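Read-outs throughout are calculated quantities, based only on the coordinates presented, and are distinct from any laboratory measurement. Small disclaimer: the values here were computed from a predicted structure and weren't measured. Here the Cβ positions follow ideal geometry from the backbone for every residue, glycine too, while neighbour counts run over all protein chains shown.
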Amino acid sequence: MRLRMELFVDDLDASIAFYTRTLGFEVIRRGDDYVSLRRGSVVLGLGPVAKLPARGSGPGFTRERLAADRGAGVEIVLEVDQLNQVTALHEHCADQGVVVEALQLRPWGLHDFRVADPDGYYVRITHGDAAASAG
């Protein structure tokens, strides 16, 4: 099994720029209203909120549903192999003018920092073993 996340965004170009220029993803496929990005084994899909139905019933996404806090309750955790990669990404984000948390050593033994993308999705950059990062 693999995981691919799809994020609905207001400005496709701003989101592409954030994930490629700031976090080092590459565009692997682009259509008029959908983009696939990859970094290592992580694949993100980006689609415009404007293409969603205005309203609806059921669990699907609608513009009305996403008008609230878009990333509430979800933290996207991106793991790199080594601490120096976390440090380099932290410095790169700051150099890009992105507001980032301070790089921290967490009680579970991993260093990380958090940042929000242009749509408010909460992203944590960390290193190490996923089983060890229970926080």
Task: Yes/no for residue 94 being surrounded by 13 or more Cβ atoms within 10 Å (Cβ to Cβ) and over 14 Å from the mean Cα position of the chain (by Cα) - done: yes
Open item on the list: Please determine whether any residue of the stretch 12-27 is surrounded by 12 or more Cβ atoms within 10 Å (Cβ to Cβ) and in contact with a Gly (Cβ under 7 Å, 6 or more places away or on another chain).
Closed with: no
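Taking the conditions exactly as written (among the β-branched types (Val, Ile, Thr) and either within 22 Å of residue 6 (Cα to Cα) or touching a helix residue (DSSP H, G or I) at 6+ places or on another chain (Cβ under 6 Å) (or both)), does residue 98 satisfy them or not?
Working: among the β-branched types (Val, Ile, Thr): yes; either within 22 Å of residue 6 (Cα to Cα) or touching a helix residue (DSSP H, G or I) at 6+ places or on another chain (Cβ under 6 Å) (or both): yes.
So residue 98 fits the description; yes.
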Task: Qualifying positions in the stretch 74-91 - surrounded by fewer than 16 Cβ atoms within 10 Å (Cβ to Cβ) and not polar (S, T, N, Q) - done: 74, 75, 77, 81, 88, 91
